[in-house]
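Enquirer: Below you'll find the structure I mean.
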Ligand SMILES: NC(=O)c1ccc[n+]([C@@H]2O[C@H](COP(=O)([O-])OP(=O)(O)OC[C@H]3O[C@@H](n4cnc5c(N)ncnc54)[C@H](OP(=O)(O)O)[C@@H]3O)[C@@H](O)[C@H]2O)c1
């Protein structure tokens, strides 16, 4: 089969398209012919050795995908050859071979049916980002419907967070540096949008939502933005820390957490067990159906154009970036 191989942890640019033996489904596994794979920033981090996982090399990246069942290992029931399915967040593309290949073997417990009325491309890139957004929104036991601030809102996790937050009855405030994307984010369900590069964005936000304050921030950006985000929180406000696309927080004063009893909570979608993943995914699909929302697809690249696809992802496009693996 053809696959994009990572020979060393020297960055995404070193990936090479090569012939490699197709995998065979072992016990408890299903062999899937990949139709569409989706890109995530974490693929780049793993390729740059910035991620905890250090899989044996050569490694095949790619955590998300949709494909067709082509082989069924021993002790697997409930699957038919020819059936279409999606891959839920698992060790696929992390510590075992991923979806940037024509075939991938997947533990049966990490496969799910394509949700009703979703297209193949909508389904292919949804699992990782929606499961992450779901964890960010539901990891707090005391979060009644309130105001949710989302940074990096035009990204995969950001859009998923907007849609799920709306479905859960929250009011959504979304941050994006792009005027065009801010308009799109309002169409996707954000009630208010702001540009985090504007000097007065915090003041504007506070006056817009007064007398209320932000109840939960979902932060994908980190860097200098995180201390600013903390300023928008009300009493008992919370931050779900998802990513740090702008790098580490340069300076952080823990005293900013004291008086309003603020809490920070890390999000790790990989910490979900397979059973928790399946339960969370069922809730994601149900919540999206409740508000008639679907995953947003940005652009689909041919399999051979993986480097261009990563270049496009780095520009911060709206919607998921996919690879068409099977023509
Ligand atoms: N903790 C977990 O379990 C988990 C799971 C999944 C993802 N993640 C992490 O979460 C983060 C977001 O993932 P994603 O898939 O949503 O990313 P993405 O699709 O690449 O989008 C992120 C958005 O953030 C904004 N952005 C990018 N770089 C920025 C910078 N330097 N400063 C300010 N804004 C910036 C851009 O929006 P604008 O241009 O519109 O401002 C971009 O659209 C990544 O770091 C990812 O690795 C963590």
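What follows is calculated from the coordinates using simple rules that are stated; it is not laboratory data. These numbers come from a predicted model, not from an experiment. Glycine gets a Cβ as well: all are built from the backbone with ideal geometry, and neighbour counts include every protein chain shown.
Enquirer: Which log10 I(q)/I(0) values, to two decimals, does the stretch 188-252 give at q = 0.17 Å⁻¹ under the Debye formula with one point per Cα?
Expert: Scattering profile of the stretch 188-252, log10 relative to I(0): -0.61.
Enquirer: Rounding to the nearest 10 and keeping the result within 0 to 90°, find how far the Cα-based axis of helix 274-290 lies from the longest principal axis of the chain.
Expert: Once rounded, one gets 60 degrees.
Enquirer: Another question, if that's okay. How big is the gap, in Å, between the Cα center of the stretch 249-327 and the Cα center of the stretch 93-109?
Expert: Cα centroid of the stretch 249-327 versus Cα centroid of the stretch 93-109: 19 Å apart.
Enquirer: Could I ask something else about it? So what is the 222 nm mean residue ellipticity for the chain from helices alone, if each DSSP H run of at least 4 adds -39500 (n - 2.57) and you divide by all residues, rounding to the nearest 500 deg cm²/dmol? Walk me through the numbers before you get to the answer.
Expert: Numbers: 10 runs with 91 residues, N = 327.
Helix contribution divided over all residues of the chain: -8000 deg cm²/dmol.
Enquirer: Just how far, in whole angstrom, is the stretch 1-71 from the stretch 115-166 if you go by their alpha carbon centroids?
Expert: 24
Enquirer: Just to be sure I understand: if I project the alpha-carbon convex hull of the stretch 47-158 onto a plane and average over all orientations, what area do I get in nm²?
Expert: Directional mean of the projected Cα hull area for the stretch 47-158 stands at 9.9 nm².
Enquirer: Using a 10 Å cut-off around each Cβ, can you sort 257, 66, 128 from fewest to most neighbouring Cβ atoms?
Expert: By the 10 Å Cβ count, ascending, the order reads 257, 128, 66.
Enquirer: In addition: So what is the relative contact order for the stretch 100-203, in percent, with contacts set as C-alpha pairs under 8 Å and at least six apart?
Expert: 19
Enquirer: Please report the relative contact order for the stretch 129-269, taking Cα pairs under 8 Å with a sequence separation of at least 6, and give it as a percent rounded to a whole number.
Expert: RCO, the stretch 129-269: 23 percent.
Enquirer: Which of these, 180, 293, 113, has the largest mean-square fluctuation under a Gaussian network model of the chain (Cα springs below 10 Å)?
Expert: Among 180, 293, 113, the largest mean-square fluctuation in the Gaussian network model of the chain belongs to 180.
Enquirer: Still on this model: Quick check of the Kirkwood formula: for the stretch 162-291, what is the inverse mean of 1/r over all pairs of different Cα atoms, in Å?
Expert: 16.1
Enquirer: Using only alpha carbons, build the gyration tensor for the chain and give me the equivalent ellipsoid semi-axes, biggest first, whole Å.
Expert: 35, 21, 18
Enquirer: Using a Gaussian network for the chain with springs between C-alpha atoms less than 10 Å apart, which of these wobbles most: 179, 274, 196?
Expert: Ranking 179, 274, 196 by mean-square fluctuation puts 179 first.
Enquirer: Right, something else. Taking 8 Å as the Cα distance limit and 6 or more residues as the minimum spacing, I'd like the relative contact order of the chain as a percentage.
Expert: Here the relative contact order equals 18 percent.
Enquirer: Kirkwood-based Rg over Rh for the stretch 147-208 (C-alpha set), two decimals?
Expert: With Rh from the inverse mean 1/r over Cα pairs, Rg/Rh is 0.94.
Enquirer: Here's a follow-up. Taking the chain as a Gaussian network, Cα atoms linked when under 10 Å apart, which of 182, 263, 96 shows the biggest mean-square fluctuation?
Expert: Top of the fluctuation ranking is 263.
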